[in-house]
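*Asks:* Would you mind keeping the following structure in view while I ask a few things?
The values are calculated or read from the model by the stated rules, or taken from the named source; none is laboratory data. Remember, predicted model here, so these are calculated numbers, not experimental data. When we count neighbours, we look across all protein chains shown, and the Cβ atoms used for this are built from the backbone with ideal geometry, even at glycine.
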There are 2 protein chains.
Amino acid sequence: MGLKSFVEVPRESHFPLENLPFGVFRPKPSSATVAGDSSPPPPPRPGVAIGDFVLDLSVISAAGVFDGPLLKNSKCFLQPSLNMFLEMGRPAWKEARSTIQKLLSADEPTLRDNASLREMSLLPMSEVQMLLPAVIGDYTDFFSSMYHAKNCGNIFRGPENPIPLNWFHLPIAYHGRASSVVISGTDIIRPRGQGHPMANSPPYFGPSQKLDFELEMAAIVGPGNELGKPVDVSDAADHIFGLVLMNDWSARDIQAWEYVPLGPFLGKSFGTTISPWIVTLEALEPFVCDAPKQEPQPLSYLAEKKHVNYDIPLEVWIKPAGHEHPSIVTKSNFKHLYWTIAQQLAHHTVNGCNLRPGDLLGTGTISGPESESLGCLLELTWNAQRSLTLNGSDRKFLEDGDEVIFTACCKGRDFNVGFGTCTGKVLPALP
Amino acid sequence: MGLKSFVEVPRESHFPLENLPFGVFRPKPSSATVAGDSSPPPPPRPGVAIGDFVLDLSVISAAGVFDGPLLKNSKCFLQPSLNMFLEMGRPAWKEARSTIQKLLSADEPTLRDNASLREMSLLPMSEVQMLLPAVIGDYTDFFSSMYHAKNCGNIFRGPENPIPLNWFHLPIAYHGRASSVVISGTDIIRPRGQGHPMANSPPYFGPSQKLDFELEMAAIVGPGNELGKPVDVSDAADHIFGLVLMNDWSARDIQAWEYVPLGPFLGKSFGTTISPWIVTLEALEPFVCDAPKQEPQPLSYLAEKKHVNYDIPLEVWIKPAGHEHPSIVTKSNFKHLYWTIAQQLAHHTVNGCNLRPGDLLGTGTISGPESESLGCLLELTWNAQRSLTLNGSDRKFLEDGDEVIFTACCKGRDFNVGFGTCTGKVLPALP
Ligand SMILES: [Ca+2]
Ligand SMILES: [Ca+2]
Ligand SMILES: [Mg+2]
Ligand SMILES: [Mg+2]
Ligand code: NI
């Protein structure tokens, strides 16, 4: 049996007492005050998900609930973002987790029996608006699924040596655009841009004709490192607070034309969606599994004592405009990543590059080995050479009105540790 | 004759009354208070350079000097960065410039005849520490010199089609690392990393053996744009506050091994140095010149009514450890850029990508057509196939102890509009 909270948690919930993911939200204005009310929206504050509720950490912090040595006098939960808490590191994270787990447990009266504190601090999820959980200084996107690397190489560069030589020696990555990272639920406007020209014609300009999703997860950085001071691979996990789902929306026609020689730019920078709840590495601990064997052996700065991943089943669904229900298009798993998040972080800093709390490290598209586990439409339709069928509707790439829904849930024997969803709907391009 | 200030401005100064570049500084603790003083350093505040002095904008703002309609009640000069002022846009920038130009002019008594205000607001440059002028949300680096693109293509990909096909159709760029942008004068630790392996050997790991500078300038973004709302090329200049010098330090061995297929990453992210004084587009107006003719004609979203550059002579000097004087290694000019900063900004946003005040848009290495006008050692030594001589000392790439000094100065008939210097010294790699 799982842990028991006095808050009702349905058995299939992503957010039982074993999970306790962190996010940032603001209460929605209540319907009574909407009409004619011009007061500013309530400020953003940190929260934790429990069942179908959000625990307002600013309220319970102000009530003096955090009485451990690290959090007792801290203002970290009175901030509009999690950055200050992220910077405090694992000991503070563990203290927060155990305080909250105790506070919400069935046999703990502090909150359970305090009606007014409960009223103020526990809000139904339907009555909050989720926001970006952290100020993201820099966003980096890796390329760590071998299946994805191989398929992309095949499609873009042909079947001889589809995977570049360097790929097995280092976790390849590029800098992404931090300004256009948006929270789940934000609409994505189809980008315009230059597409790859046919033979001798000038380049195409207009709305992207090959809009795609990329199924990814991303690590949220905790304590940073000083410029010039690399993080050792054996310390790397202590610099990672947790994981979110990430959709790295990609315009394949723009990307194909622009990416030589400096990499993806406008084909990606029009929007990147993350899920609102950061699931901590502590909560994921029961789902640790072996990571794929690495051959050749990585250089010593990338060599881990325990080369492990997490077993996180991932799904992508698409709901076309006018359809009542979404259709599933792929099932993959985080455990397929060849380079682990600890290796990614150690590599990122080995040249002295500084990370900051709140930085976002995308895994790259997580494709699995089977044709039903590919992480983007580029692979699923082999660059539009075939179609997917969504309950009667054909897809080569995304169409206007499509809503793309990622979800992830680790299934334990007695409880889930889930990520909720990461969603976005495609709006038509500007005229 | 140039404008005359009551502050003495030497004829060769980069910072006469016609320039008035903006930066952020803090007063150095005075020598009297250093010993045993544990008080916190004074907070950063905006300033303007005049001759060998810095005008403290927080002091003159608090004194009520800014009495124009846009700045009268603004707190923009009471901030630790210029971001708030950048966001206000060109009308506020013009108002600030004309207020400051009047305040500092020889025949204006307000400051000239107020000894105590002068004492508080005019600090010798030697008594201030310059800081990053803005919080940089995102840093983008373009690739807009045709000479540089051609030389790099020749060196890395061979003499057939050295310039990629897409280059003449769009201003190619990649996302850079914002966290490691540092202010002039910051030491740069030689990065460690993986270098390109020889034929069948494993990749090299260790200190970069091909550390280079890249002579660039960068635009500082003023008002941003909303996600999904591109900036028209004819409005683009109004989103640019001014220019700084930029050294995009590059480890060529790391870059060469990692950059396929996603572009530069650790070969660049260990440090990028900018000069402290942002020279405004207003101050550069007298140095407008034609930009290189573009063939083929750019697509309409990149077509400018006036396709213009600025005539900004650029120099790079290197001072090896133990040398008393630096030696000049190249002379180039901003006017060689094929894609203008307005085209760069319009392209950057055409897919809907949002820019924010303080964003940094690097031009890419500015090489000119002659062998003495190349913007990096990779080109100057043709990837170490020949040497440069620095007053008796040979260079293929940078050595530990080398100080690299960029400078730029527009020479008018009666006055200069200069950028000061952008410097950094190479420290040995970590053991
Ligand atoms: Ca990606
Ligand atoms: Ca560069
Ligand atoms: Mg994206
Ligand atoms: Mg750099
Ligand atoms: Ni950034």
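*Asks:* Cβ-Cβ below 8 Å, separation at least six or inter-chain, first residue in segment B:287-301 and in the same structural domain as residue B:334 (by TED's automatic domain parsing), second among the hydroxyl-bearing types (Ser, Thr, Tyr) and outside any loop (DSSP other than H, G, I, E, B): which pairs?
*Replies:* Here the result reads B:287/B:310; B:288/B:310; B:289/B:310, each pair linking segment B:287-301 to a residue that is among the hydroxyl-bearing types (Ser, Thr, Tyr) and outside any loop (DSSP other than H, G, I, E, B).
*Asks:* Give, as residue ranges, the helices (runs of 4 or more DSSP H) completely inside segment B:28-146 that count at least 1 residues that are under 30 Å from residue B:173 (Cα atoms) and more than 14 Å from chain A (Cβ to nearest Cβ). Explain how you work it out, then say what you get.
*Replies:* Values: elements: B:31-34, B:57-62, B:83-88, B:90-103, B:109-112, B:115-121.
Because the criterion is at least 1 residues that are under 30 Å from residue B:173 (Cα atoms) and more than 14 Å from chain A (Cβ to nearest Cβ), the helices (runs of 4 or more DSSP H) in segment B:28-146 that meet it are B:83-88, B:90-103.
*Asks:* Among A:228, A:222, A:206, which is the only one that is more than 16 Å from ligand 5 (Cβ to nearest atom), surrounded by 20 or more Cβ atoms within 10 Å (Cβ to Cβ) and on the phi > 0 side of the Ramachandran plot?
*Replies:* Working: A:222 fails: on the phi > 0 side of the Ramachandran plot; A:206 fails: surrounded by 20 or more Cβ atoms within 10 Å (Cβ to Cβ).
Just one listed residue meets the conditions, A:228.
*Asks:* Also: Looking at (1) more than 14 Å from chain B (Cβ to nearest Cβ); (2) within 16 Å of ligand 4 (Cβ to nearest atom), which one does residue A:173 not meet, given that it meets all the others?
*Replies:* (1)
*Asks:* Right, another one. Being outside any helix (DSSP H, G or I) and more than 15 Å from the chain's Cα centre (by Cα) is the filter here; which residues of segment B:164-176 pass it?
*Replies:* Taking segment B:164-176 first, the residues outside any helix (DSSP H, G or I) are B:164, B:169-176.
Hits for segment B:164-176 are B:164, B:169, B:170, B:171, B:172, B:173, B:174, B:175.
*Asks:* Quick one: in segment B:194-219, which of the residues that are part of a loop (DSSP other than H, G, I, E, B) and at pLDDT 95 or above is farthest from ligand 4 (Cβ to nearest atom)?
*Replies:* Our first condition is that a residue be part of a loop (DSSP other than H, G, I, E, B); within segment B:194-219, this holds for B:196-203, B:208-210, B:213-214.
Still in the list and also at pLDDT 95 or above: B:208-210, B:213-214.
Values: B:208: 12, B:209: 18, B:210: 14, B:213: 10, B:214: 8 Å.
Going through the qualifying residues, I end up with B:209.
*Asks:* Can you tell me which residue is farthest from the other protein chains (Cβ to nearest Cβ) among those in segment A:273-282 that are of a type outside the set (A, V, I, L, M) and either in contact with a helix residue (DSSP H, G or I) (Cβ under 8 Å, 6 or more places away or on another chain) or within 25 Å of residue A:199 (Cβ to Cβ) (or both)? Full working, then the answer.
*Replies:* Residues of segment A:273-282 of a type outside the set (A, V, I, L, M): A:273, A:275-277, A:280, A:282.
Subsequent filtering for residues that are either in contact with a helix residue (DSSP H, G or I) (Cβ under 8 Å, 6 or more places away or on another chain) or within 25 Å of residue A:199 (Cβ to Cβ) (or both) retains A:280, A:282.
Details: A:280: 23, A:282: 26 Å.
Among those residues, the one meeting the criterion is A:282.
*Asks:* Which of the residues that make up segment A:338-392 are out of contact with any strand residue (DSSP E or B) (no Cβ under 6 Å at 6 or more places or on another chain), at positive phi and either among the aliphatic types (A, V, I, L, M) or surrounded by 24 or more Cβ atoms within 10 Å (Cβ to Cβ) (or both)?
*Replies:* The answer is A:358, A:384.
*Asks:* Taking interchain pairs and intrachain pairs at least six residues apart, which have beta carbon atoms under 6 angstrom, with the first residue in segment A:161-173 and in the same structural domain as residue A:262 (by TED's automatic domain parsing) and the second surrounded by 16 or more Cβ atoms within 10 Å (Cβ to Cβ) and charged (D, E, K, R)?
*Replies:* Listed by first residue and then by second, the contacts come to A:162/A:150; A:163/A:150.
*Asks:* Let me ask something else. Look through segment A:348-373, keep the residues that are facing another protein chain (nearest Cβ under 9 Å) and within 20 Å of the chain's Cα centre (by Cα), and return whichever of them is nearest to residue A:179 (Cα to Cα).
*Replies:* Going through the qualifying residues, I end up with A:359.
*Asks:* Just to be sure I understand the filter: pairs with C-beta atoms under 6 Å, separated by 6 or more residues or on different chains, first member in segment B:131-149 and farther than 30 Å from residue B:295 by Cα, second member more than 16 Å from ligand 3 (Cβ to nearest atom) and in a helix (DSSP H, G or I). Which pairs pass?
*Replies:* B:134/B:83; B:135/B:83
*Asks:* Going by what's in this entry, would residue A:251 be described as at pLDDT 95 or above and within 30 Å of residue A:20 (Cα to Cα)? Step through it out loud before you land on a result.
*Replies:* Details: at pLDDT 95 or above: yes; within 30 Å of residue A:20 (Cα to Cα): no.
Answer is no for this residue.
*Asks:* Tell me which residues, restricted to segment A:220-272, are within 12 Å of chain B (Cβ to nearest Cβ), assigned to a strand (DSSP E or B) and under 30 Å from residue A:57 (Cα atoms).
*Replies:* A:221, A:272
*Asks:* Any residue that is farther than 30 Å from residue A:347 by Cβ and either away from ligand 4 (no atom under 16 Å from the Cβ) or of a type in the set (Gly, Ala, Ser) (or both) - is there at least one of those in segment A:148-164? Please lay out each step first, then the result.
*Replies:* First, pick out the residues of segment A:148-164 that are farther than 30 Å from residue A:347 by Cβ: none.
Checking segment A:148-164: not a single residue is farther than 30 Å from residue A:347 by Cβ and either away from ligand 4 (no atom under 16 Å from the Cβ) or of a type in the set (Gly, Ala, Ser) (or both).
*Asks:* Of B:242, B:224, B:206, which residue is in contact with a Lys or Arg (Cβ under 7 Å, 6 or more places away or on another chain) and either under 19 Å from residue B:132 (Cβ atoms) or aromatic (Phe, Trp, Tyr) (or both)?
*Replies:* Numbers: B:242 fails: in contact with a Lys or Arg (Cβ under 7 Å, 6 or more places away or on another chain); B:206 fails: either under 19 Å from residue B:132 (Cβ atoms) or aromatic (Phe, Trp, Tyr) (or both).
None of the others qualify; the one that does is B:224.
*Asks:* Could you tell me whether any residue of segment B:205-216 is touching a Phe, Trp or Tyr at 6+ places or on another chain (Cβ under 8 Å), away from every other protein chain (no Cβ under 12 Å) and of a type in the set (A, V, I, L, M)?
*Replies:* yes
*Asks:* So, in segment B:231-279, of the ones that are surrounded by fewer than 24 Cβ atoms within 10 Å (Cβ to Cβ) and among the aromatic types (Phe, Trp, Tyr), which residue ends up nearest to residue A:138 (Cα to Cα)?
*Replies:* B:259
*Asks:* Which condition from (1) surrounded by fewer than 16 Cβ atoms within 10 Å (Cβ to Cβ); (2) facing chain B (nearest Cβ under 9 Å); (3) touching a helix residue (DSSP H, G or I) at 6+ places or on another chain (Cβ under 9 Å) is the one that residue A:166 breaks?
*Replies:* (1)
*Asks:* Quick one: which residue in B:184, B:250 is of a type in the set (Gly, Ala, Ser) and more than 16 Å from ligand 2 (Cβ to nearest atom)?
*Replies:* Details: B:250 fails: more than 16 Å from ligand 2 (Cβ to nearest atom).
Only one candidate passes the filter, namely B:184.
*Asks:* Follow-up question, since we're still on this one. Report the residue count in segment A:177-193 for those that are more than 7 Å from chain B (Cβ to nearest Cβ), part of a loop (DSSP other than H, G, I, E, B) and at negative phi.
*Replies:* 4
*Asks:* Run residue A:298 past the list (1) away from ligand 2 (no atom under 16 Å from the Cβ); (2) surrounded by 21 or more Cβ atoms within 10 Å (Cβ to Cβ) and report the number of the one that doesn't hold.
*Replies:* Of (1) away from ligand 2 (no atom under 16 Å from the Cβ); (2) surrounded by 21 or more Cβ atoms within 10 Å (Cβ to Cβ), only one is false for residue A:298: (2).
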